[in-house]
Amino acid sequence: MASLQLSRHARQIGVINEPRILYKRIMKELPRVLMIYDIDMPVETAKKTIRARFYDNKDVKDDRVQEMLIETGYFALETSMLQHKQKNHLMHFLEGYTTPMEAERKRLTSDATIEEQFARN
């Protein structure tokens, strides 16, 4: 079974309690993850969202909670890179609950003509 085992590797080298190492690794792999899942979002916007997620937890002082958050971050990165997640899982993380652009583009109005109904892409 192929796996990246990022969490185990980080624990072995003793950097599991370093949020900046996790942040750098996520930023390095973010363009690849966006390409794998075909997410129509600029890389800079995704980076801002990730940065905001890290800033949300900046006031956590308990070492055990910090370690758990970092371990969860490594696990989420690993499962994303191994394609164990679905696109909507990542979209929820990056944008929250929104209507995907593909669904909005295909939505018909109540006064759509027969040509528009059959011409959907």
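The values are calculated or read from the model by the stated rules, or taken from the named source; none is laboratory data. Since the model is a prediction, treat every value here as computed from it, not as a measurement. Quick reminder, even Gly has a Cβ in these numbers, built from the backbone with ideal geometry, and neighbours come from all protein chains shown.
Scanning the stretch 13-58 for residues that are at pLDDT below 70 and either on the phi < 0 side of the Ramachandran plot or among the acidic types (Asp, Glu) (or both) gives Ile13, Val15, Ile16, Asn17. Only one of the listed residues (Ile39, Ile50, Ile70) is surrounded by 10 or more Cβ atoms within 10 Å (Cβ to Cβ) and part of a loop (DSSP other than H, G, I, E, B). That residue is Ile39. Whenever a residue of the stretch 92-121 is within 30 Å of Arg53 (Cα to Cα), its partners that are in a loop (DSSP other than H, G, I, E, B) and at pLDDT below 75, lying with C-beta atoms within less than 9 angstrom and at least six residues away or across chains, give the pairs His92/Thr98; Thr99/Arg107; Arg105/Arg120; Arg105/Asn121.
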